[in-house]
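Since the structure comes first, as structure tokens, the remarks are kept for the end.
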Amino acid sequence: MELVSKKINRSFMQKLENDISDLKVEYESYFMGIVKIEPIAKKRTLERLIRHTLAGNIMNTAQRFQFKQLCARFSTYNQYWTRIQRKIEDGTYERDKFKLALKEKAAPIVRARGTDDNPKEHKYHDLYSDLMDAKASCNESGKKLSYQTFHKALSKQAEQLKTKYNCKKVEFKIEVVDGKTKIKAIPKR
């Protein structure tokens, strides 16, 4: 982009229009996350070119009209880019919110509730309710699993782990990994 050309003709207007379109594409790439750096240098050069051309006197009415249209288009894009940049900085941009939701869904939810050190406690009730909540958040069906079946299975597994690892208690955790709910047993010495 040359800064100021003495002669404002049809090719200059076409080049200016192409430069604005190219800058728009670069900003869209930046906002989609393809390009990591905002194209500020090109934007400033284009602003400078428009400012210098405005200072000159365009005699042809058709060219003046076309130039004003290009200025209005650039101004509209500039306001849009500024608004999107502000949303990104504030953390309210939809793409960023979508990515955050994906990360939160993929991140494992870990709840450590049930330990097997005192069988008289109602420790399994909290663990069972956490399991049902986690299944509901992942849209899994938990209707087939009754509390009694859950309690028997965990008690049996706790006893097996105690003998296998020679530990005094077993802690159970509810995890959500890749959208699936899992119960993890951790032997404690």
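The values are calculated or read from the model by the stated rules, or taken from the named source; none is laboratory data. What you see is a predicted model; the values in this text were computed from it and never measured. When we count neighbours, we look across all protein chains shown, and the Cβ atoms used for this are built from the backbone with ideal geometry, even at glycine.
Descriptive notes on the structure:
- Qualifying residue in the stretch 75-85 (condition: touching a Pro at 6+ places or on another chain (Cβ under 8 Å), part of a helix (DSSP H, G or I) and at pLDDT 80 or above): no
- Among residues of the stretch 1-24 that are within 19 Å of residue 59 (Cβ to Cβ), those with a beta-carbon under 6 Å from a residue that is exposed (fewer than 14 other Cβ atoms within 10 Å of the Cβ) and modelled with pLDDT under 90 at least six positions away or on a different chain give the pairs 4/52.
- The condition of being farther than 30 Å from residue 91 by Cβ and surrounded by 12 or more Cβ atoms within 10 Å (Cβ to Cβ) holds for only one of 14, 69, that being 69.
- Here residue 148 meets each of (1) over 17 Å from residue 181 (Cβ atoms); (2) surrounded by 13 or more Cβ atoms within 10 Å (Cβ to Cβ) with one exception, condition (2).
- Near pairs, Cβ below 8 angstrom, 6+ apart or cross-chain, from the stretch 34-48 (in the same structural domain as residue 21 (by TED's automatic domain parsing)) to any residue that is loosely packed, with under 15 Cβ neighbours inside 10 Å and among the charged types (D, E, K, R): 42/22
- Residue match in the stretch 6-17 (condition: among the aliphatic types (A, V, I, L, M), touching a Ser or Thr at 6+ places or on another chain (Cβ under 7 Å) and at pLDDT below 85): yes
- Being among the basic types (Lys, Arg), part of a helix (DSSP H, G or I) and either within 36 Å of the chain's Cα centre (by Cα) or within 22 Å of residue 81 (Cβ to Cβ) (or both) is true of residue 15.
- None of 161, 131 is assigned to a helix (DSSP H, G or I), in contact with a Pro (Cβ under 7 Å, 6 or more places away or on another chain) and not polar (S, T, N, Q) except 161.
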